[in-house]
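The values are calculated or read from the model by the stated rules, or taken from the named source; none is laboratory data. Because the structure is a prediction, the values reported are computed rather than measured. Every residue, glycine as well, gets a Cβ built from its backbone with ideal geometry; the counts of neighbours run over all protein chains shown. What goes into the accessible areas is simple: the full protein's heavy atoms, side chains included, and nothing from ligands, DNA or RNA. Shrake-Rupley method; radii C 1.70, N 1.55, O 1.52, S 1.80 Å.
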Amino acid sequence: MRKIRVVVLISGNGSNLQALIDRQIAGTLPVSICAVISNRPNAYGLTRASTAGIATEVVNHQSYADRDSFDNRLIETIDSYKPDLIVLAGFMRILTPEFVRHYHGKLMNIHPSLLPDYRGLNTHQRAIAAGEKHHGATVHFVTVELDGGPLIVQARLPIDETEVAASLARKVQDIEHQIYPLAIKWYAEGRLKMQGDKAFLDGKPLDAPIDYAEVSNE
Ligand code: GRF
């Protein structure tokens, strides 16, 4: 099967990146991760990439006068690898509308909440404080709206009464490592597309995200 070329953008630990690397090595994800790019020089994900023999690049936002010049350099760096898909995996920079438009339909993100609830940061703490019964993670295509964009797949978890943010974050990360590779696999197989501002799976518009509980055997 044809492998798609993927560039992964990170800022930190890179556990989602690791989930992709592991599946690429196992041969269960038809992708070739051609580069990992970080805006932080000391991101541990860069070590994960090097260990796997994947090219790494640092585009340090602190070296650029403004967001536009940072994003332009990021675009040049990404495009030099000619990727089919750009995967945001814990990339902690807000991207310019020009950047997002440049990669329309080819830019995916994972967010630790049941979007559209709890956009932004500290989602675990906010969900617990609000007395939510469930939390989770969502993979979505990126549009100019922060943590907006068409939703692809979502996994829900119950919030236990004794739950604290750290324990919930760990559980959410575990399911992130399942749903992100799955969405990327669908994309690589040509089953998942973004047309206009809508996501389509197997030609059907996703009016609501796929519930991971229904597809976890894929
Ligand atoms: C994940 O929780 C993801 O949802 C969010 O950033 C975190 C990245 O974690 N966007 P890691 O660097 O993949 O371990």
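Couple of notes before you dig in:
- Compared with the direct C-alpha span, the chain from Arg5 to Thr51 gains 14.7 nm at full extension, assuming 0.36 nm per residue.
- Estimated D of segment 136-207 in µm² per second, where Rh is the Kirkwood radius over Cα pairs and Stokes-Einstein applies at 10 °C, 1.306 mPa s: 119
- Placing pseudo-labels 7 Å out from each Cα toward the beta carbon at Val164 and Tyr64 gives an inter-label distance of 3.8 nm.
- Anisotropy class of segment 92-218 from Cα gyration tensor, a/c 1.5 cut: oblate
- Normalised per residue, the accessible area of segment 23-90 is 48 Å², obtained with a 1.4 Å probe and no contribution from ligands, DNA or RNA.
- Pairs from the table (Lys133/Lys198; Lys106/Lys171; Lys3/Lys198; Lys3/Lys106) lying more than 18 angstrom apart at Cα are Lys133/Lys198; Lys106/Lys171; Lys3/Lys198.
- The base-10 log of I(q)/I(0) for the chain, evaluated at q = 0.10, 0.12, 0.18 Å⁻¹, reads -0.42, -0.61, -1.41 [Debye formula, identical scatterers on Cα atoms, solvent excluded].
- Listed peptides 166-175, 41-50 by packing density, highest first (mean Cβ within 10 Å): 41-50, 166-175
- With the cut-off at under 13 Å, measuring from each backbone N in segment 116-158 to a point 7 Å along the Cα-to-Cβ line of Ala213 picks out 134-136, 154-158.
- P(r) tail, segment 31-158: Cα-Cα pairs separated by more than 18 Å, 59% of all pairs.
- Carbon and sulfur %, accessible surface of segment 1-152 computed with the full protein complex present, 1.4 Å: 49
- Shown for the chain are the DSSP H helices of 20 Å or more along their axis, judged by Cα atoms, with a mean Kyte-Doolittle hydropathy of at least -0.5: 165-188.
- Averaged over its residues, segment 132-218 has an accessible area of 49 Å² per residue, based on protein heavy atoms and a 1.4 Å probe.
- Among 146-158, 94-106, the order from most to least packed when residues are scored by Cβ within 10 Å on average: 146-158, 94-106
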